[in-house]
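Nothing in this text is a laboratory measurement; each read-out follows from the coordinates by a stated rule. On a predicted model such as this, the values are computed, not experimentally measured, just so you know. Ideal geometry is used to build each Cβ from the backbone, glycine not excepted, and the neighbour counts take in all protein chains shown.
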Amino acid sequence: MQFGKHALILAVVEGLRQRGSWTGKTHVQKALFLLQASGALEVPFAFVLYKHGPYSFDAEAELEQMKSYAALDSRAVEGGYGAVLGPGSNAALIQRLNPLPAAVREAVDFICRAVGCKTVAELEPLATAAWIRAREGLVEPGAVVERLRQLKPHVGLREAEEADREARRIFETAEGRLGSSAT
């Protein structure tokens, strides 16, 4: 088991919960990707552009492993969709054995504030715009919006423009406030 990865995931889960997030798997996945794409943090997960935006099969496997030994708790919400993640009974042990440096905690806090209470429908275009900027190298807003709408035809023009504005804000703030990637 890679407890360092698990400590990072727990920090994201707790950071999202502190901001009133639903804190489902999608929120955790997108927050981890935004940490990586923005340069705020070196994240030890590989991402691919998948059905609903950037996705990491590696992170998914770690989430499941964490649930198996009670580092994460997952509970279905009555009338809701999916499950809500939270720290499990063994979370404190992981955090004690793998304390995160202040720079990592700051980067996680920054991204969790940006993700905040966004819905899954809001996270998909935001994370995809970040993917286009970080992975495809498009930086001109019009080109990013056009590519986003090409990849996600269900995303409207105004929604795509807002997603790219938010991705730019995240990238610029990460560069300005956090400097180079935390390790």
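Using Cβ contacts closer than 10 Å as the measure, can you line up Met1, Met66 from fewest to most? Write out the running numbers ahead of the final one.
Numbers: Met1 12, Met66 26.
The fewest-first ordering by Cβ neighbours comes to Met1, Met66.
Order these by the 10 Å Cβ neighbour count, fewest first: Glu140, Glu106, Glu172. All intermediate terms of the calculation are to be shown ahead of the outcome.
On the way: Glu140 8, Glu106 15, Glu172 11.
Going from least to most buried by this count: Glu140, Glu172, Glu106.
What dipole magnitude, in Debye to the nearest 20, does the range 3-178 give about its Cα centre under +1 on Lys/Arg Cβ and -1 on Asp/Glu Cβ?
Working: 22 positive and 22 negative charges, 38 e Å.
The calculated dipole for the range 3-178 is roughly 180 debye.
Tell me, what HN-Hα J-couplings in whole Hz come from the Karplus equation 6.51 cos²θ - 1.76 cosθ + 1.60 at θ = phi - 60° for each residue of the range 132-148, using x for Gly and Pro?
Running phi through 6.51 cos²θ - 1.76 cosθ + 1.60 with θ = phi - 60° gives 4, 5, 7, 9, 9, x, 7, 10, 6, x, x, 5, 5, 4, 4, 5, 4 Hz.
Given the -39500 (n - 2.57) contribution per DSSP H run of 4+ residues, what per-residue ellipticity at 222 nm results for the chain, rounded to the nearest 500 deg cm²/dmol?
On the way: 8 runs with 111 residues, N = 183.
For the chain, the value works out to -19500 deg cm²/dmol.
For the range 3-178, what is the Kirkwood estimate of the hydrodynamic radius, computed as the reciprocal of the mean inverse distance between distinct Cα atoms, to one decimal in Å?
On the way: mean 1/r = 0.0614 Å⁻¹.
That comes to 16.3 Å for the range 3-178.
Hey, got the Cα dimensions of the range 124-179 along the principal axes, in Å, largest first?
The Cα atoms of the range 124-179 stretch 34, 19, 17 Å along their principal axes.
Given N residues in the range 1-107, what is Rg(Cα) / (2.2 N^0.38 Å)?
1.01
So what's Rg/Rh here for the range 78-183, counting alpha carbon atoms and using the Kirkwood radius for Rh?
Numbers: Rg = 16.7 Å, Rh = 15.9 Å.
Here Rg/Rh amounts to 1.05.
If each residue's Cβ is checked for other Cβ atoms within 10 Å, how do His27, His52, His154, His6 rank with the fewest at the top? Mind showing how you got there, number by number?
Working: His27 26, His52 17, His154 9, His6 23.
Ascending number of Cβ neighbours within 10 Å: His154, His52, His6, His27.
Can you tell me which of Leu72, Leu41, Leu157 moves the most in a GNM of the chain? Springs connect C-alpha atoms under 10 Å apart.
Of Leu72, Leu41, Leu157, the Gaussian network model singles out Leu157 as fluctuating most.
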